[in-house]
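Reading through the structure tokens given below for one structure.
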Amino acid sequence: MDFALSSDLLDLSAEAHEVGRTAAQGLEVREDSWLRGTSRDFQRELAARGWLGMCWPEEWGGGNRSPIERFMVVEALIS
């Protein structure tokens, strides 16, 4: 059994890391306060990339993406 991640998943993770780094630039972030509220601009960025409701069916406004794709994006954004 091959447990290696596909290049598509690795690319998605790299993209999500870059989005997270860009969004965090210029913000003062303390280690104990990773959740600081909401940002409409960041929400718009995630929505434009189809990263909100990723696993929901398209007919419900979701992205119809796999759970592993959602995992890769979430893990990259919180790291």
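Heavy-atom accessible surface of the chain, averaged per residue, reaches 81 Å², computed with a 1.4 Å probe. Here the chain has 53 percent of its accessible surface on carbon and sulfur atoms, given a 1.4 Å probe and all protein chains in place. Relative to the Cα centre, the charge distribution of the chain, modelled as +1 at Lys and Arg Cβ and -1 at Asp and Glu Cβ, gives a dipole magnitude of about 300 debye.
Paramagnetic label reach from residue 15 (point 7 Å along Cα→Cβ; backbone nitrogen cut-off under 11 Å): within segment 51-76, residues 51, 73.
Summing charges over all other residues whose Cβ lies under 12 Å from the Cβ of residue 49, with Lys and Arg as +1 and Asp and Glu as -1, gives -2. Taking a ≥ b ≥ c as the square roots of the eigenvalues of the Cα gyration tensor, the chain is classed as oblate, since a/c reaches at least 1.5 and a/b does not exceed b/c. The calculated 222 nm mean residue ellipticity attributable to helices in the chain amounts to -15500 deg cm²/dmol, summing -39500 (n - 2.57) over DSSP H runs of n ≥ 4 and dividing by all residues. Summary value for the chain: 37 percent relative contact order, contacts being C-alpha pairs under 8 angstrom separated by 6+ residues.
Please work out the C-alpha center-to-center distance from segment 53-79 to segment 3-28 and express it in whole Å. Computed from Cα coordinates, the inter-centre distance equals 14 Å.
Ranked by the mean number of other Cβ atoms within 10 Å of their residues, highest first, the peptides 47-58, 66-77 fall in the order 66-77, 47-58.
The values are calculated or read from the model by the stated rules, or taken from the named source; none is laboratory data. Given the structure is predicted, the values throughout are model-derived calculations rather than measurements. Neighbour counts are summed over all protein chains in view; Cβ atoms, including those assigned to glycine, are modelled from backbone coordinates with ideal geometry. Surface areas here come from the heavy atoms of the whole protein model, side chains and all, with no ligands, DNA or RNA. Shrake-Rupley method; radii C 1.70, N 1.55, O 1.52, S 1.80 Å.
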